[in-house]
Amino acid sequence: MAYAGVAPERTTFYEQGTTDKPTGLKSWLLSTDHKRIGIMYLTAMMFFFAIAVSLGLLIRLELLTSGPTLPFVNQRIYNSFFTLHGVIMIFLFVVPGLPSVFGNFFLPLQLGAEDVSFPRLNLFSFYLYMTGAVLALVSIVMPGGSPDTGWTFYVPYSYETGPAAIMAGLAAFVLGFSSILTGLNFVTTIHRMRAKGMGFFKMPLFTWSLYATAWIQVLATPVIGITLMLVLAERFLQVGVFNPALGGDPVLYQHLFWMYSHPAVYVMVLPAMGVVSDMLATFCHRTIFGYKAIALSSMSIAVVGYLVWGHHMFTTGISPTSAKIFSLLTFFVAVPTGMKIFNWVATMYKASIELKTPMLYTLAFIFQFSIGGLTGLPLAALSTDIQLHDTYFVLGHFHYVAFGGIVFAFFGGLYYWYPKMFGRMYDERQGVIGFLLQFIGFNLLYFPMFMLGLKGMPRRYYDYLPEYESLHALSTYGSWILAAGLLLMAWNFLRSLGKGEEAPDNPWEGTTLEWDTTSPPPLLNFDKEIVVTRGPYDYPEEETR
Amino acid sequence: MFSGVSTFAPEIDSAMAFILWWSAILMIGITAFMVYCMVRYSRKNNPKPTHIHGSVALETIWTVLPTILVLIMFYKAFGTFELMTTRPDDAMKVKVTGLKWRWVFEYENGKKADELVVPVNQAVELELHSPDVLHSFYVPAFRIKKDVVPGKDNWTWFEASEKGNYNVFCAEYCGNDHSYMLSTVRVVDSGEYSTWLNTKSEVLSGPDLLAAKGCIACHSLDGSSLVGPTFQGIFGKMETVVTDGEERQQRVDEDYLRKSILEPAVDLVKGYANQMPSQAGLLTDEELDAIIETIKELKE
C-alpha cells in the first residue's frame, strides 16, 4: 500500500519463533516462547473441554427421566461418565486452565518482561501436561472398562476396580508435576523479571492472583503426588496405608486427598478473580476500588485455604473437635472472598461502564460466583453440612463456583485478550448472543440442583425416585441452552481467526502493560524498554477524589 | 425444603433458614447495586468516570460486619452439631450394615431386617458397619447422614417425632448400584413395634429373595455375565476356581455355594474379581438355605 514506510513493518511472534525455522509444526512444538506455549495449552484444553462438556451433556440426558433413559447407558457406563467428566474437567481444564493459558501468555507481558524465568522448563511443563492428558485418555480404553471411581478415587472402592483407576491416578500424578513446575516458574518470574520501576504494588491484579496461585501450586501439589504414590505402593506392595483389609485407614486417604484438593480449588479460582479484576477496571474505565485489599485478600485466601480441608469430611466420623475447628476456619475464607466482591461492585460506582462481551462475562462472574460462595456457607456450617453433604446442593455449589465463576472468567478472558493473542476482533453481536444463551442455560441447569439437594437428592445417582423428576428435567433443558451458547462462542472464535477485523493494539483502552505492545506482540514482547512509573489502573486524565 | 421429623430437625432447619436468608439478602443487595450501576454509570449516562482509589472505612466495615455474621452462622450450626454428636443414654441400639448394595438392620434380640422399623418418640442409636467399601447412611427427613467406613465404628442417632415411612439413601458413592442402595425407615407406635420385633420375619423365596438380598445386581439369572458369574445352570457345573493363587477344578455343590456366600474370596471363580462382600452374619440360616435352594432350581 501507499502507506508503506509510514508504519514500520512489525514482526509478530507468529512470524518469528525461537527455533531455526520460524513457522511450521516443529517451530511450535519446540518453541520456548511463552506466548506460543500458551496458545498450545489453549488448543489442547479446548479439545479436552469439549470432551468433558459432551460427557456432561450425556449425564444430563440420562437424568432427564426417572429410570434408565438412554438405551446404551447402564449404571457402569454412567459411573464412568461422571468420573471422566470430573477427571478431565478438574485435572485437564479447570485447575491448569487460567494459569497455563493466560498466565503463560500474559504474565510476562503484564510484567514488561521478555519471557518467563525458565522458558525451557516451561516447555517441559507443557509436555508433562500432555503426557498426563494422554494417560488420562488411555485410561478410558483400558481392559476392564473406563475408570468408575469418581474423580476423588476414594479408597477402598478404587482398589477393587480395574487397572483404569491406576492409570487415571498416574495421570493426576504427572499433571501434578506440570502444575508444580509452572508454579515455580511463575514465582521466580514475578520476583526476578519485573520491569524497571514495577514494585509489587504496581503489578496488575491478574499477576497478583497468579503469584498467590503459584505458591499454592508449589506447596500443596506435592501432597497429591505423595498420596498417589502411597496408593500405588499399597496396591502393588501390599503396604497397609489406606486399605482397611491391610490395616489401613480410608479416612486418612480423604485427609490427604483434600489437603491438596481443597487448596486446588483456590488454584482454580484465584486467577479467575485476577482476570475479572483486570476486565472490570478496563470496562469501567476507572481505577479499581481497593487495589491493595484485592491483592492482599488473594494472599490471605491462599494461606487460610490450606487449613480448611476437613470441611469435606464432617460425615466421616472425624472427631467433633476437629470438625468444629475446620468449620470455623472455613468461615474465615468467606471474609476475604466477600471483601473482593464488595471491592468489585464498588468499582462500578461512578464508573463509565461499557457492556462489551468480556464485561458481560465479568458481571456474570460476580453474580454466579457470589451465589457459589454464599451457598458454601451452609456447607461450612456443621449441622447443615451434615444434611447437604454429598447431595445435589454440593453439585450446585461447586458448579456455580467452577463453571459459573472460573469458566465464565476464562471465557471472558478469552474475549478480552483475543485481539491481543490473535490480532483479530471477534464478532461482538455473536459474542453477546452466545453470552446470553450461556447465562440463561447455566442458571437453568444448575439452580435446580440447590433445590434437589435441599430435598435430599444424593449425588452420583444413575437413577432417582420419581419425586425428583421435574427438577432434573428442568436442569437437563438448561444444559441444551448452555450447549447452544457454547457452540455459538466456538464458531465466533474460530471464524474470527481468519475473518475477524484486524485488531488495534489497545481496543479496550486498557491500562495494564500488555496493551502497550502490538497485537499480536513481537517475539520479545516489547519494541522498547519498559519503565513503569504509574499504578496498573491509573488513568492519565485521572481526577481523584 | 420439606418438614423434618427428628427431634433436632427444627433446630437444624432454623440454622439453615438463617444462613440461606442472609445469603439471599446479600445476593439481592449485590445484584441490585450492580444493575443500578450498569444503568446509572453506563458510558452513555456517565461518560466521565470518577477515579476513587478506595476507602479504609468501607474496607473495615465490609471486613468486620461479615466476620460477625459468619461467626453467628458458625455458632448456630455448632449448637445443633453438639446435639447430633451426643448420644442419649437411653437410646435403643440397632446394628446397621451397609454393603454393596443393600442395608441390613439387626436388633438387640437378633432379628434381622431389610428395613429399619423403630418406635416413635424413642431415641435410636445406629452402629454403622461396612464389610466392603465406603457407604453413607442418609435419612433426609431426619437430617442425619453418617459415613459407613470399613474398619471404623461410626455411629449416629435420632429420635423420630412422627409416624410414617421415610427414605434411606446411600450418600457415598459405592459402585454400580449405588443409586439402588435404598431402604425405608418405618416409624410406628411402640405397640406395633414390639409386635413386629417379636415376629419372625417371613423368608422370601425364589427370585424375590435373590432380589431382596442384592444378589442379582451382580449375578444374572439369564446367563449373561455381569460383575460375577450367572446363576443360570451354575449348580452342578464344573468351574475353574482360584484358591490361594492356585487354579483347580471344583464342582458347584451345596457346600461350595454356602462357602462362596460366606467366604467369597477363598475359592474365586477364575476370571472374576474379588469384589463380593462376605454375607456372614447378614443372612439368617433360613435365608441362606433358601438362597441355595433357589440357585439349585435355576437350571438352564
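Quick notes
- Of the criteria (1) farther than 16 Å from A:VAL265 by Cβ; (2) open to solvent by 10 Å² or more (accessible area, probe 1.4 Å); (3) in a helix (DSSP H, G or I); (4) facing another protein chain (nearest Cβ under 10 Å), which one A:GLY373 fails: (1)
- Scan the range A:406-420 for residues that are out of contact with any helix residue (DSSP H, G or I) (no Cβ under 6 Å at 6 or more places or on another chain) and either open to solvent by 10 Å² or more (accessible area, probe 1.4 Å) or among the aliphatic types (A, V, I, L, M) (or both) and the total you get is 2.
- Residues within the range A:291-300 that are open to solvent by 10 Å² or more (accessible area, probe 1.4 Å) and within 12 Å of A:ASN343 (Cβ to Cβ), tallied: 4
- Filter result (in a helix (DSSP H, G or I) and either open to solvent by 10 Å² or more (accessible area, probe 1.4 Å) or within 15 Å of A:ASN443 (Cα to Cα) (or both)) within the range A:352-370: A:LEU360, A:TYR361, A:LEU363, A:ALA364, A:PHE365, A:ILE366, A:PHE367, A:GLN368, A:PHE369, A:SER370
- Selection from the range A:241-270 of residues that are in a helix (DSSP H, G or I), of a type in the set (A, V, I, L, M, F, W, C) and open to solvent by less than 20 Å² (accessible area, probe 1.4 Å): A:VAL251, A:PHE257, A:ALA264, A:VAL267, A:MET268, A:VAL269, A:LEU270
- The residue that is surrounded by the fewest Cβ atoms within 10 Å (Cβ to Cβ), among those in the range B:203-255 that are hydrophobic (A, V, I, L, M, F, W, C) and more than 25 Å from the chain's Cα centre (by Cα), is B:MET238.
Quick grid of which residues meet (1) within 14 Å of chain B (Cβ to nearest Cβ); (2) of a type in the set (Ser, Thr, Tyr); (3) more than 30 Å from A:ASN104 (Cα to Cα); (4) crowded, with 19+ Cβ neighbours inside 10 Å:
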site	(1), (2), (3), (4)
A:HIS34	no, no, no, yes
A:ILE39	no, no, no, yes
A:THR43	no, yes, no, no
A:MET46	no, no, no, no
A:ARG60	no, no, yes, yes
A:GLY67	yes, no, yes, no
A:PHE72	no, no, yes, no
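- Qualifying residue in the range B:199-211 (condition: of a type in the set (D, E, K, R) and in contact with a strand residue (DSSP E or B) (Cβ under 9 Å, 6 or more places away or on another chain)): no
- Scope the range B:4-26; condition free of Cβ contacts under 8 Å to residues at least 24 places away in the same chain and surrounded by fewer than 17 Cβ atoms within 10 Å (Cβ to Cβ); matching residues: B:PRO10, B:ALA17, B:TRP21, B:ALA24, B:ILE25
- Every listed requirement among (1) modelled with pLDDT of 90 or more; (2) closer than 23 Å to A:ASP463 by Cβ; (3) crowded, with 23+ Cβ neighbours inside 10 Å is met by A:SER80 save one, (3).
- Residue within the range B:72-93 that is within 7 Å of chain A (Cβ to nearest Cβ), assigned to a helix (DSSP H, G or I) and either of a type in the set (Gly, Ala, Ser) or open to solvent by 70 Å² or more (accessible area, probe 1.4 Å) (or both) present: yes
- Condition met for A:GLY162 (open to solvent by less than 40 Å² (accessible area, probe 1.4 Å) and among the small types (Gly, Ala, Ser)): yes
- Restricted to helices (runs of 4 or more DSSP H) entirely inside the range A:15-110, those with at least 1 residues that are of a type in the set (Ser, Thr, Tyr) and either free of Cβ contacts under 8 Å to residues at least 12 places away in the same chain or touching a Lys or Arg at 6+ places or on another chain (Cβ under 6 Å) (or both) are A:25-29, A:34-62.
- A:PHE403 meets the conditions (1) under 15 Å from A:SER496 (Cα atoms); (2) open to solvent by 10 Å² or more (accessible area, probe 1.4 Å) in every case but one. The failed one is (1).
- Cβ-Cβ distances below 7 Å connect the following pairs, each with a first residue in the range B:212-224 that is more than 16 Å from B:PRO264 (Cα to Cα), a second residue that is at pLDDT below 80 and in a loop (DSSP other than H, G, I, E, B), and a separation of six or more residues or different chains: B:ALA212/B:LEU204; B:SER220/B:LEU226; B:LEU221/B:LEU298.
- Residue match in the range A:214-221 (condition: at pLDDT 90 or above, open to solvent by 60 Å² or more (accessible area, probe 1.4 Å), under 30 Å from A:GLN110 (Cα atoms) and of a type in the set (A, V, I, L, M, F, W, C)): yes
- Failed condition for B:LYS200, given (1) of a type in the set (D, E, K, R); (2) under 30 Å from B:VAL133 (Cβ atoms); (3) open to solvent by 30 Å² or more (accessible area, probe 1.4 Å): (2)
- Inside the range A:284-328, residues that are in a loop (DSSP other than H, G, I, E, B) and either within 9 Å of another protein chain (Cβ to nearest Cβ) or closer than 30 Å to A:GLY510 by Cβ (or both) make up a count of 11.
- For the range A:143-157, the set of residues classified as more than 12 Å from A:ALA172 (Cβ to Cβ) and either more than 8 Å from chain B (Cβ to nearest Cβ) or not aromatic (Phe, Trp, Tyr) (or both) consists of A:PRO143, A:GLY144, A:GLY145, A:SER146, A:ASP148, A:GLY150, A:VAL155, A:PRO156, listed by residue number.
- Scanning the range A:201-230 for residues that are touching a helix residue (DSSP H, G or I) at 6+ places or on another chain (Cβ under 9 Å), in contact (Cβ under 8 Å) with a residue 60 or more places away in the chain and not aliphatic (A, V, I, L, M) turns up A:PHE201, A:PRO204, A:PHE206, A:THR207, A:TRP208, A:SER209, A:TYR211, A:THR213, A:TRP215, A:GLN217.
- Filtered by the rule that a residue be farther than 30 Å from B:LYS145 by Cβ and at the interface with chain A (Cβ under 7 Å from one of its Cβ atoms), the range B:59-71 gives B:GLU59, B:TRP62, B:THR63.
- Flag if A:VAL187 is more than 23 Å from A:GLY413 (Cβ to Cβ) and either in contact (Cβ under 8 Å) with a residue 12 or more places away in the chain or open to solvent by less than 40 Å² (accessible area, probe 1.4 Å) (or both): no
- The single condition from (1) more than 14 Å from every other protein chain (Cβ to nearest Cβ); (2) of a type outside the set (Ser, Thr, Tyr); (3) under 30 Å from B:PRO264 (Cβ atoms); (4) buried (at least 17 other Cβ atoms within 10 Å of the Cβ) that B:VAL96 fails is (1).
- Within the range B:38-57, considering residues that are part of a helix (DSSP H, G or I) and more than 7 Å from chain A (Cβ to nearest Cβ), the one least open to solvent (accessible area, probe 1.4 Å): B:ALA57
The values are calculated or read from the model by the stated rules, or taken from the named source; none is laboratory data. What you see is a predicted model; the values in this text were computed from it and never measured. All Cβ positions, even for glycine, are placed from backbone atoms using ideal geometry, and neighbour counts span all protein chains on display. For accessibility, only protein heavy atoms count, side chains too; no ligands or nucleic acids. Shrake-Rupley method; radii C 1.70, N 1.55, O 1.52, S 1.80 Å.
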